[in-house]
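Comments concern the structure below.
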Amino acid sequence: MPIEPVPAGRRAFIGIDFDPLDTDAAVAWLMRITSETPFRYVVTPNVDHLVRLESLGEQEPLGRELWQAYRGAALTLCDSRVLARLARYYGIALPLAPGSDLTVRLFAEVAQPSDRIAIIGGDAALLAALRARYPGLDLIQHIPPMGMLQNPTAIEAAVTFGRDSRARFLLLAVGSPQQEVLAARIAQAGGAYGCALCIGASLDFITGRQRRAPLAVQRLGLEWAHRLASQPGRLWRRYLIDGPRIFRLAHRWHRER
């Protein structure tokens, strides 16, 4: 089945070209993916991702590879209400398609009985929880070691698993920037099929290992505060030091364009 083209008119914001799809439109696009679809991948940039991209730049090898990974994605969807509202301030409409919402709906609406879904990341307990929740799906997993990008053998093993999985969907749950770089390397390897989604911690939300903010808090754009309160030791720097840099980046981008 042919894949519907992405709507024309990608919308540039802080160096990234976003596709004008909300969650419903992204789900409709995913519906047309099969296990025979030539490989493609989806990224969902948020504030943290854009700040990291700016800090890495394109001079260092990792920064250059990461920028290329975002540019090579079949879909680039806005994951962040904060980012969408900031873009609106500068006159740019970015439809919202949070990666966590998209992952939930992939399991609930897109995946069909006997579909193979491959996962890179997580642990054995995560796979067991997903198999219990979705017994009709063919779920397989590869668990890479920590620091995969600094381990050529580990990244090669992950690329091989993704390429050879023959899954309809490949869920990359190893965090940014590892998951975006991995998606691009699988595409570059050739011979892969289906669609990869860079999903971060989305499977932890599905299995109840982590709790998302209440819906009212999400709609207020304060999910970041809920996550900070839940994991202050891990996230304080991301949200209190690094995150606010997005306002300076947006102002500079607007001034220079």
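Going through the stretch 33-50 one residue at a time, which ones are of a type in the set (A, V, I, L, M), open to solvent by less than 10 Å² (accessible area, probe 1.4 Å) and not in a strand (DSSP E or B)? Across the stretch 33-50, the qualifying residues are ILE33, LEU50.
Here the condition is being buried (at least 22 other Cβ atoms within 10 Å of the Cβ) and of a type in the set (A, V, I, L, M, F, W, C); of LEU30, LEU56, LEU77, it holds for LEU77 alone. Look at ASP115 and say whether it is closer than 21 Å to GLN210 by Cβ and either in contact with a His (Cβ under 7 Å, 6 or more places away or on another chain) or open to solvent by 10 Å² or more (accessible area, probe 1.4 Å) (or both). Spelling it out, it is not the case that ASP115 is closer than 21 Å to GLN210 by Cβ and either in contact with a His (Cβ under 7 Å, 6 or more places away or on another chain) or open to solvent by 10 Å² or more (accessible area, probe 1.4 Å) (or both).
Considering the conditions (1) open to solvent by less than 10 Å² (accessible area, probe 1.4 Å); (2) on the phi > 0 side of the Ramachandran plot, GLY190 is excluded by exactly one of them, (1). Flag set for GLY162, criterion: of a type outside the set (A, V, I, L, M), surrounded by 22 or more Cβ atoms within 10 Å (Cβ to Cβ), touching a Leu at 6+ places or on another chain (Cβ under 6 Å) and closer than 20 Å to LEU106 by Cβ.
Search the stretch 118-157 for residues being part of a helix (DSSP H, G or I) and of a type in the set (D, E, K, R), and hand back the single one that is farthest from LEU106 (Cα to Cα). The selected residue is GLU156. Annotation: ARG64 fulfils all but one of (1) open to solvent by 10 Å² or more (accessible area, probe 1.4 Å); (2) at pLDDT 95 or above; (3) within 23 Å of ALA189 (Cβ to Cβ); (4) over 16 Å from the mean Cα position of the chain (by Cα); the unmet one is (2). Applying the criterion of being in contact with a helix residue (DSSP H, G or I) (Cβ under 6 Å, 6 or more places away or on another chain) and within 11 Å of VAL174 (Cα to Cα) to the residues of the stretch 139-157, the residue that is surrounded by the fewest Cβ atoms within 10 Å (Cβ to Cβ) is PRO145. Per the listing LEU137, LEU127, LEU94, LEU171, the residue uniquely closer than 30 Å to TRP253 by Cβ, modelled with pLDDT of 95 or more and in contact with a strand residue (DSSP E or B) (Cβ under 7 Å, 6 or more places away or on another chain) is LEU94. ARG105 passes every criterion in (1) within 19 Å of the chain's Cα centre (by Cα); (2) surrounded by fewer than 18 Cβ atoms within 10 Å (Cβ to Cβ); (3) not in a helix (DSSP H, G or I) apart from (3).
Has the stretch 8-24 got at least one residue that is at pLDDT 95 or above, part of a helix (DSSP H, G or I) and among the acidic types (Asp, Glu)? Yes.
The values are calculated or read from the model by the stated rules, or taken from the named source; none is laboratory data. Quick caveat: nothing in here was measured; it's all calculated off a predicted structure. Neighbour counts run over all protein chains shown; Cβ positions are idealised from the backbone, glycine included. Note: accessible area is taken over every heavy atom of the protein model, side chains too, but ligands, DNA and RNA are not part of it. Shrake-Rupley method; radii C 1.70, N 1.55, O 1.52, S 1.80 Å.
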